[in-house]
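Before any comments, here is the structure.
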Amino acid sequence: MYNSISITDLKRLQSQNRRLMIIDIRDKYQFLLEHIPLASNIPMNFLLIQPEQYLDKNNTYYIYCEYGSRSKRVSEELSKLGYKVINVDGGYQAYKLG
């Protein structure tokens, strides 16, 4: 089972200087245009095909996409595989608005 976090709570954690592992699953072009500061880009298909190449089951990852629907699906799949993931509700669009 995966958890979700609001943009407000994610920003609060960031402001506390916590070292968060934030993953943007959008394509590289979208990531290069704009993204959450300190996020890494791992496109959704790469992450789902070979999660073991990118993730460590001992770490917690915050996953986001453009609006939150794809990251919810990806978080669910990764959670089933034993990864600790937290879906960022509303995705990047919520980040821009919040």
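The values are calculated or read from the model by the stated rules, or taken from the named source; none is laboratory data. On a predicted model such as this, the values are computed, not experimentally measured, just so you know. With ideal geometry, Cβ positions are generated from the backbone for all residues, glycine too; neighbour counts draw on all protein chains shown. What goes into the accessible areas is simple: the full protein's heavy atoms, side chains included, and nothing from ligands, DNA or RNA. Shrake-Rupley method; radii C 1.70, N 1.55, O 1.52, S 1.80 Å.
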Selection over segment 9-30 where residues are out of contact with any Pro (no Cβ under 8 Å at 6 or more places or on another chain), closer than 14 Å to Tyr92 by Cβ and of a type in the set (Asp, Glu) yields a count of 1
Looking at (1) in contact with a Phe, Trp or Tyr (Cβ under 7 Å, 6 or more places away or on another chain); (2) within 16 Å of Lys11 (Cβ to Cβ), which is the one condition that is false for Ala94?
(1)
Which residue is least open to solvent (accessible area, probe 1.4 Å), if the candidates are limited to segment 74-98 and must be among the hydroxyl-bearing types (Ser, Thr, Tyr), in contact (Cβ under 8 Å) with a residue 40 or more places away in the chain and more than 14 Å from Arg26 (Cβ to Cβ)?
Ser75
Among the numbered criteria (1) open to solvent by 80 Å² or more (accessible area, probe 1.4 Å); (2) closer than 21 Å to Gln93 by Cα; (3) touching a helix residue (DSSP H, G or I) at 6+ places or on another chain (Cβ under 7 Å), which one does Leu33 miss?
(3)
Regarding Gln50, is this residue open to solvent by 60 Å² or more (accessible area, probe 1.4 Å) and modelled with pLDDT of 95 or more?
yes
Count, please, the residues in segment 10-30 that happen to be open to solvent by less than 80 Å² (accessible area, probe 1.4 Å) and either under 12 Å from the mean Cα position of the chain (by Cα) or modelled with pLDDT under 95 (or both).
11
Failed criterion for Ser71 (all others in (1) open to solvent by 50 Å² or more (accessible area, probe 1.4 Å); (2) part of a helix (DSSP H, G or I) hold):
(1)
Only one of (1) part of a helix (DSSP H, G or I); (2) closer than 19 Å to Tyr83 by Cα is not met by Lys11, so which one is it?
(2)
